[in-house]
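A.B. asks: Take a look at this one; I'll ask things after.
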Amino acid sequence: MWIAPERRSISRWAVPGLVLAAAVVVGAVLAADGRTGTGAVALCALAGYAGLLAHRRHDAGPALGEGFGTGHRTRAHRRGAAVTGDVLTVAVVAALTVQALRGAEIAPYAWLAALAGVTYLLATLFAGRDL
């Protein structure tokens, strides 16, 4: 039912909101330090991650084809792939943020974060379609 309390709960938005707030703070700190380009990249990476978290609040996961098995094997594969992607995305975004705040080179992490974002976007666009 659409009026169920769990659908209206503010706690479902807490983590994406916290990441978005961190994005604004990191971007502002870097801009105040005169590193506006680095600040913009860090802001975009963190805001993109907040968008990913917000998008996945209701996501039960994409339907996988028979090539991944059926039943328990499909759920285990999907869960394993999702956890792996989540951990790697967090690691890249965190490394980018730390390197940006330290004043170090962020280009490799920015490219990895962009690749993760584009990959996730394409995967969600084509989920459930036979390619």
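Throughout, read-outs are computed from the coordinates displayed, never taken from laboratory work. Predicted, not measured: the structure shown is a model, and the values here were computed from it. No Cβ is skipped: glycine too gets one built from the backbone with ideal geometry, and neighbour counts run over all protein chains shown.
A.B. asks: Summing Lys, Arg as +1 and Asp, Glu as -1, what charge do residues with Cβ under 14 Å from the Cβ of GLY27 carry, GLY27 excluded? Walk me through the intermediate numbers first.
C.D. replies: Working: positive: ARG35; negative: ASP33.
So the environment of GLY27 carries a net charge of 0.
A.B. asks: To continue, here is another question. Ranked from highest to lowest mean number of other Cβ atoms within 10 Å per residue, what is the order of the peptides 79-88, 15-24, 92-101? Walk me through the intermediate numbers first.
C.D. replies: Numbers: 79-88: 11.9, 15-24: 16.0, 92-101: 19.6.
So the order, starting with the most tightly packed, is 92-101, 15-24, 79-88.
A.B. asks: Scan segment 87-131 for chymotrypsin sites (Phe, Trp or Tyr not before Pro) in coil per DSSP, keeping those whose Cβ has at most 13 other Cβ atoms within 10 Å, and list them by number. Numbers along the way, then the final one.
C.D. replies: Details: sites: TYR109, TRP111, TYR120, PHE126; in loops: none.
Answer by residue number: there is no such site.
A.B. asks: In nanometres, what is the gap between the two model label sites at VAL25 and VAL98, each 7 Å from Cα along Cα-to-Cβ?
C.D. replies: Computed distance between label sites VAL25 and VAL98 equals 1.7 nm.
A.B. asks: Using a cut-off of 10 Å between beta-carbons, work out the net charge of the residues near LEU101 (Lys and Arg +1, Asp and Glu -1, LEU101 not included).
C.D. replies: Working: positive: ARG35, ARG102; negative: ASP33.
Overall, the nearby charge balance is +1.
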